[in-house]
Each structure stands twice: as structure tokens, then as C-alpha cells.
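Just so you know, all these numbers are worked out from the coordinates, no wet-lab data involved. Remember, it's a predicted structure, so these values are computed and weren't measured experimentally. Don't worry about glycine lacking a Cβ; one is built from the backbone with ideal geometry, like all the others, and counts go over all protein chains shown.
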Amino acid sequence: MKHQTVDQLNAVADVHAEAAVLIASRGQRLERWAQLLEQDPGRRLVALAGTEYATPDVRERMRSTGSPITVAFEDPIFRAQGLKDDTYGEAKRFFELSDWQLHEVVCHCHVGANLPARWAASRVRAAITPGSGILAWLRAVFMH
């Protein structure tokens, strides 16, 4: 193995020194995801259809280009921290969410075929605090 300085690595790689800190807690990962969504709050995102009706194995593989999960996967820091793809199952694992919590963020039954990124951000933040949910989301949406 060849040892290189950080400056040498920066010349050939996309190095993020803050990446190691971000994964420190579930809450920090969720907060970063919400912030990524808020970078373009009006961006129309695609919802996943029927997550609650899919069998567990099908649900794990569900994905849609342009979903809230895609926004997380576009982040090089999340990918460096181990986010492998933009599937439902990978988001559930990486962000340590229950099916119900992830359903609240990505399923079409609440928002139709698509949703603004700011709504998804509110739903992600609602998952940070246990016991929060649709009421916290509604409060966040209507207070902005």
C-alpha cells in the first residue's frame, strides 16, 4: 500500500473529511438527508407506489428514479459512508428506519405520484424523533 498525504489524495479523489463524523448517529444522517432535500425545496420527487402492500422481498428492491431516496444516494458523502443504492431496503438499512417511517417519507398514498422535496424533508425530520409522525409533519409543513 502506498501512503499519500491528504493533499495528494485531494488531487485524485473526492475527499470529504466530514464524512466520518456524519455517520456518528442515525439522527445526523436523517438531518443531512433533510438538508439535502431542502437544497431544492420545490424539486418534484417521485413517490413509490404501494410500499405497504408489497411483500417484504419486493419492497426491499423497490426504487424509482427521482425519489427522495435518490436525493440521498446522489450525495457523495452518504455513498462514502455505505449507502449502496437508492432502493427502499437500502434506505431502510442505512437510515435505520422502520417500514412505517420510510413509508411516511416515500409512499404515494399520502401525496400522489410526486411530492415537493420540502415535504419529503419534513417527513424525514419527523422520523428523527421517536413518537413523531404525521402530526409533526403537518405542523412542519404548515409552519413554513
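In the set (1) outside any loop (DSSP other than H, G, I, E, B); (2) under 20 Å from A126 (Cα atoms), the condition left unmet by T51 is number (1).
Any idea how many residues of segment 64-84 are over 11 Å from the mean Cα position of the chain (by Cα), assigned to a loop (DSSP other than H, G, I, E, B) and surrounded by fewer than 19 Cβ atoms within 10 Å (Cβ to Cβ)? First the steps, then the outcome.
Here is the first cut: in segment 64-84, the residues over 11 Å from the mean Cα position of the chain (by Cα) are 64-66, 76-77, 79-82, 84.
Cutting the leftovers down to assigned to a loop (DSSP other than H, G, I, E, B) gives us 64-66, 81-82, 84.
Still in the list and also surrounded by fewer than 19 Cβ atoms within 10 Å (Cβ to Cβ): 65-66, 81-82, 84.
Going through segment 64-84 one residue at a time, the tally reaches 5.
Being without any contact (Cβ under 8 Å) to a residue 12 or more places away in the chain and β-branched (V, I, T) is the filter; apply it to segment 47-104 and report the residue that is farthest from A34 (Cα to Cα). Among them, the one singled out is T55.
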